[in-house]
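Contents: one structure, followed by commentary.
Bear in mind that the values in this text are calculations on the coordinates, not laboratory data. Nothing here was measured: the structure is a model prediction, and the numbers come from that model.
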């Protein structure tokens, strides 16, 4: 996978999450989730974007590690939505699958980046 593919993928994931959040009910618990997931889903891409201009390998690895943490958080909130929702949702399942794949990719990058 080329770096640009991952930049595009993280951008699309963030946008897709924001679009998905528009359809959640306006209940208090969903307002909390909307805020938290909106932040983490966009932060993972922003940090990966920032990693591309890292001043050192350590800086690059640190930014990717932040992306990994944000991806894990996004996956958590998506699973909370799944647990609260009584109806199967293809868009939600797609986002959960993508968050797992991104988590695995970022984990591999962190593990394979030598300092």
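Using a ≥ b ≥ c from the Cα gyration tensor of segment 31-80 (square roots of the eigenvalues), is it rounded, prolate or oblate, where a/c under 1.5 gives rounded and otherwise the larger of a/b and b/c decides, a/b for prolate? Write down the numbers at each step before the final one.
On the way: a/c = 4.31, a/b = 2.54, b/c = 1.70.
Prolate, because a/c is 1.5 or more and a/b exceeds b/c.
Using only Cα atoms, what Kirkwood radius does the chain have, in angstroms?
Values: mean 1/r = 0.0694 Å⁻¹.
One decimal place: 14.4 Å for the Kirkwood radius.
If you fit an axis through the alpha-carbon atoms of helix 57-84 and take the longest principal axis of the Cα set of the chain, what angle between them do you get, 0 to 90°, nearest 10?
So the helix axis and the longest Cα principal axis differ by about 10 degrees.
So what's the angle, to the nearest 10 degrees on a 0 to 90 scale, between helix 28-51 and the longest Cα principal axis of the chain?
The angle comes out near 20 degrees.
Compute the helix-to-body angle for 3-21: its Cα long axis versus the longest principal axis of the chain, expressed 0 to 90° and rounded to tens.
The helix 3-21 is inclined about 20 degrees to the chain.
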